[in-house]
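Okay, structure first, notes after.
The values are calculated or read from the model by the stated rules, or taken from the named source; none is laboratory data. Keep in mind the model is a prediction, meaning the values are calculated, not measured. Counting neighbours? That spans all protein chains shown, and the Cβs are built from the backbone with ideal geometry, glycine included.
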């Protein structure tokens, strides 16, 4: 990322300098979970360190959102920009929870193209050993399945607790025993919680009961097709297995082919011991230059069950220059609906 950003700043055909880049990244209106992994500071000499700083989740977030931040300033013919977009494609495919053989073949092709272009764009920069490791990803996916099932980010989170404990305690007498003791107490606390292993854990926020006479006629008809009641329970947000859904986010609807079908969550309904989303259907068109989907609202309303979503992870909508975009966290395999 640092090499590409330095190349764009030095390019006379790109109207971008360090100060503008820093202000753009720091002032970007991050939403939902993206706010937790935003880059807090960009060092002026970042290119000397060959890194923009931050941890893996910050880098992942930056790769996803950079096309929205500065894509309008860069020509689609810019080789450094094409290299960054190739990296974004590789990341999305590598993090996919479900993947087909066609997607694996495409991943292999993108990796080969990325490496060839890297040598072409940065001929004086040596490739890292990680570039070689990536070439094995397609074969590893075929052997073991989606690599997201084997990633080490949870170990990073565990390590973060240890670093935070040592830093805040200021204790340097037998720190290993001290950290082990703190970790054991934390695990005792979690294991003592009766809901710790409850995968169906559901937390509703601002839940209320709605009489059928107070519900919009179109919405009521759709709700009654699921379950006929005189009173329906709705909520502004709900958390299921650690994933928070709320009004204003976008979910991926069941689809038979691309482009993806998105639904803007208008309301959340609790029926038949399950969660249903009242969604405003969004037409989508893939923006190749920004590697994301551009949304256009429709008047169509759908009621979709949580278990039938094309992907369980909701996404925020970003408004850039009058257009509305949604950026995937990973590639999504189209689900055949029968």
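In the range 98-124, the residues that are more than 12 Å from residue 137 (Cβ to Cβ) form Cβ pairs under 7 Å with partners that are surrounded by fewer than 12 Cβ atoms within 10 Å (Cβ to Cβ), at six or more places apart or across chains, as follows: 118/127.
For the range 103-159, the tally of residues that are outside any helix (DSSP H, G or I) and either more than 26 Å from residue 81 (Cα to Cα) or in contact with a helix residue (DSSP H, G or I) (Cβ under 9 Å, 6 or more places away or on another chain) (or both) stands at 8. Restricting the range 230-246 to residues that are more than 30 Å from the chain's Cα centre (by Cα) and exposed (fewer than 14 other Cβ atoms within 10 Å of the Cβ) leaves a set whose member that is farthest from residue 270 (Cα to Cα) is 230.
Scanning the range 61-81 for residues that are surrounded by fewer than 17 Cβ atoms within 10 Å (Cβ to Cβ) and within 27 Å of residue 137 (Cβ to Cβ), we see that the one that is modelled with the lowest pLDDT is 76. Across the range 284-311, the number of residues qualifying as in a strand (DSSP E or B) and touching a helix residue (DSSP H, G or I) at 6+ places or on another chain (Cβ under 9 Å) comes to 6.
Given 39, 26, which one is closer than 23 Å to residue 320 by Cα, free of Cβ contacts under 8 Å to residues at least 24 places away in the same chain, not in a helix (DSSP H, G or I) and not assigned by TED's automatic domain parsing to the domain that holds residue 245?
Working: 26 fails: not in a helix (DSSP H, G or I).
Checking each option against the conditions leaves just 39.
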